[in-house]
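Everything below concerns the one structure shown next.
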Amino acid sequence: MLFACLSEKAGGALTESVMWLMDRIFMYTNFGWVSLLHGDFFIQQGKHGRENQLQLLEKHINEVYLPRGRQWIILFPEGGFLKNRRERSQLFAKKNDLPHLEHVALPRIGAIATILDQLAPKKHVNHNQDNKNLVAGNSVSSSRGDVSDGKRHLKWFIDITIGYPDPENPLDLLTICLGLRPPCKTSVYYRRFPVDDVPHDMEGLTQWMYERFIEKEKLLAHYYKHGVFPSTPSLHCRLMDRPHMVRYSYAHLMLLHGIFMCSTYAHYRMLSYLWVAATDYMNLL
């Protein structure tokens, strides 16, 4: 869904300069293999090996993201589906005297801190340079500027909030692929923050991110009550006179589903062949 929104921007060119951060489990799907070739990063969830994962992300930024000329990074700070994260997030909030959240989960900070450490300007930045980069989650993002060390640095941190028609039954990949639900409208709300305004120390960044997600909770509460996001612009948001409707082309959808089904079948056949080959090899030992 977010990919469809981004495809509408800059004539689709934006999607070519994006690096996605996603759960490692997706690497073992058919589209995961495509993402791997594209240069996206798959991160392993959980406390064990967290520091190692962040080191791998740092390496990926310097060896893949920068050399390939990527301009945006998209990630989801909640770290998983809301239905799986909400209860644990609420227990953590209660233990640490934080607000009770229903529509979002408290964000995880490690990946964002690593990205900011590698790509955010810390000294003098030439703001006259062309800009364009990203960090995204229920969503978050940023923009590019060249600095004295030769790296492209983030300029903007863009928060993306997605409102579903039914908060208790959001769309998922299986529902979309199988067409189990009638057509519906899903709203996307953007806010933009200068990276210079984002704290770089872990304590300050954590507090800043918690404040943004508490704001997202209020945005979604308003959306689910009134059917629209708040119409009053904030300092970080410029609302259009009319929301821009992104419509799916039925022909485009049929083509994508056809490619996805063929890819899934090929993926299944290949894994079946590897399983049989591995079994035969083990029987020979």
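The values are calculated or read from the model by the stated rules, or taken from the named source; none is laboratory data. These numbers come from a predicted model, not from an experiment. All Cβ positions, glycine included, derive from the backbone under ideal geometry; neighbour counts span all protein chains shown. These area figures cover heavy atoms from the full protein model, side chains too; ligands, DNA and RNA do not enter into them. Shrake-Rupley method; radii C 1.70, N 1.55, O 1.52, S 1.80 Å.
Observations
- Taken one residue at a time, the phi angles of region 28-35 give Karplus couplings (6.51, -1.76, 1.60, θ = phi - 60°) of 8, 9, 5, 6, x, 5, 5, 5 Hz. Gly and Pro are set to x.
- Taking each residue as 0.36 nm, the span from CYS262 to TYR28 lengthens on full extension beyond its C-alpha to C-alpha distance by 82.6 nm.
- Bridging of LYS83 to aspartates and glutamates at a Cα separation below 17 Å is possible for ASP23, GLU102, ASP166, GLU168, ASP172, GLU217, once same-chain residues fewer than 8 apart are set aside.
- Residue list for region 87-109, given a label point 7 angstrom along the Cα-to-Cβ vector of ILE214 and an amide N cut-off under 12 Å: 97-101
- Here's the list of aspartates and glutamates a cross-link from LYS95 could span, going by alpha-carbon distance under 16 Å and ignoring same-chain residues fewer than 8 apart: GLU87.
- Computed with every protein chain present, the accessible area of MET245 is close to 110 Å² [probe 1.4 Å].
- Heavy-atom accessible area order for TYR224, TYR273, TYR210, largest first, 1.4 Å probe: TYR273, TYR224, TYR210
- Ordered by solvent-accessible area of protein heavy atoms (1.4 Å probe), largest first, the residues PHE81, PHE193 come out as PHE81, PHE193.
- Residue by residue, region 182-192 carries 3J(HN,Hα) couplings of x, x, 8, 9, 10, 9, 10, 10, 10, 9, 10 Hz when phi is fed to the Karplus relation 6.51 cos²θ - 1.76 cosθ + 1.60 (θ = phi - 60°); x denotes Gly or Pro.
- Per-residue SASA entry for TRP72, accessible area with 1.4 Å probe, Å² rounded to 10: 40 Å²
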